[in-house]
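Each value in this text was obtained by applying a stated rule to the coordinates, not by laboratory testing. Keep in mind that this is a model prediction, so the values were computed, not measured. Cβ atoms come from the backbone with ideal geometry, glycine included; neighbour counts cover every protein chain shown.
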Ligand SMILES: Cc1ncc(COP(=O)(O)O)c(C=O)c1O
């Protein structure tokens, strides 16, 4: 038998299979929209983060026009060959939108989180990070070299206990998702802002799922809670409600200059194509001029959540367009997902390591593009499965 140094992979993949955690890449043959075709089957799509329904059409014309006038590739990092005109225009527009002094565009939200955290904290510093923060925050913390204190999800008492002991560290950073990506709940930003001020800590909020959705102007949870002036570092993405790709950091002029100098995913990575910046600019226009998209979305989410709770579903602490149905074990979760797919609905099952053991869930991601009929179909299918006892939750 020929042995190779990679033989262990097959063994490990089989082990993942045995515990229901092996993921397989499906192929979507349709474009991203409220209905998608995956592996030859048309499904109503409750899996995308295209919350405002902009991905399919809202930004494409701007991208095509930008490719015509500015070409495609950027060729190098912005620090080497300069930002493009459209990159600069988008960064100015993002700062205006966020009402901050400045903003910096990254290739992705993941890169923005890793870049911001590793620029702000290092050896001799301490980071307080919520246990349910996104993987990109976790990786940023790990890479930073700082001491990392993971605090139980939204547990302010824990922070009140730990922060007084943190004065010995050079700097303190508290970092949290504004809207948690799997549970759909909001971080207690008013209390976090007060604690940050009391203990002279930097406060960073990742608005990936809230930008364009929360706040009167769509600035996210910082605007929703009225703590814009107390949050020192804001990270956002253009990949979710903005229907495109790319991440950004917004804050003071000095903060942005520092991050542009220090963030390795910015310094050592090629700038995204300028057409991506054109998409971001188009999305910001939609977000500014069409507030009904976010207000409708949130009111439909509230109604859907009530209907699911009435069926007996556990939607946890969700208070947003992200509505989990908490199942527990991965196998049961994937059975539920498969049954919904049989009914023509795509609702992803989320398993470890994305969520902790025992907390597998169905993640319903609502979009402005969903029709009432689509929501009815979802509720009816879930009611049918629960009623038939086909899946217990
Ligand atoms: C909370 C959170 N932050 C950051 C990211 C990364 O954003 P992007 O997809 O733009 O890389 C995600 C993506 O899933 C996320 O959920």
Euclidean distance between Cα centres, the stretch 328-353 to the stretch 61-124, Å = 36 Å
Among 318-327, 236-245, 11-20, what's the highest-first ranking by average C-beta atoms within 10 angstrom per residue?
-> 236-245, 318-327, 11-20
All Cα pairs of the stretch 223-284, percent lying beyond 20 Å | 39 percent
Classify the stretch 187-274 as rounded, prolate or oblate from the Cα gyration tensor: take a ≥ b ≥ c as the square roots of its eigenvalues, call it rounded if a/c is under 1.5, otherwise prolate when a/b beats b/c and oblate if not.
-> oblate
Using the alpha-carbon centroid of each, what span in Å lies between the stretch 158-206 and the stretch 247-287?
-> 24 Å
If each of residue 167 and residue 12 carries a label point 7 Å out from its Cα toward its Cβ, how far apart are those two points in nm?
-> 4.5 nm
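Remind me, relative contact order of the chain in percent, using alpha carbon pairs under 8 angstrom and six or more residues apart? Mind dumping the intermediate values first?
On the way: 793 pairs, mean separation 86.5, N = 393.
It rounds to 22 percent for the chain.
Taking a ≥ b ≥ c as the square roots of the Cα gyration tensor eigenvalues, with a/c under 1.5 meaning rounded and otherwise prolate when a/b beats b/c, else oblate, which class fits the stretch 131-184?
Values: a/c = 2.73, a/b = 1.29, b/c = 2.11.
Oblate.
For the stretch 60-289, compute the orientation-averaged projected area of the C-alpha convex hull (one quarter of its surface), in nm². It would help to have the intermediate numbers written out before the result.
On the way: hull surface 45.5 nm².
Reported value for the Cα convex hull: 11.4 nm².
For the peptides 47-53, 152-158, what is the packing order when you average, over each peptide's residues, the other Cβ atoms within 10 Å and list the highest mean first?
Peptide ranking by packing, descending: 47-53, 152-158.
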Taking the Cα-to-Cβ direction at residue 307 and at residue 61 and moving 7 Å from each Cα, how far apart do the two end points lie in nm?
-> 3.2 nm
In nanometres, what is the gap between the two model label sites at residue 342 and residue 4, each 7 Å from Cα along Cα-to-Cβ?
-> 3.8 nm
Using the per-residue mean of other Cβ atoms lying within 10 Å as a proxy for protection, in what order, highest first, do the peptides 291-301, 162-172 fall?
-> 291-301, 162-172
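Just for the chain, what percent of DSSP beta bridges are antiparallel, to the closest 5? List each step's numbers first, then the result.
Details: 23 of 42 bridges.
Around 55 percent antiparallel, to the nearest 5.
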A student applying the Cα gyration tensor rule (rounded when a/c is under 1.5; otherwise prolate if a/b is larger than b/c, oblate if not) would label the chain rounded
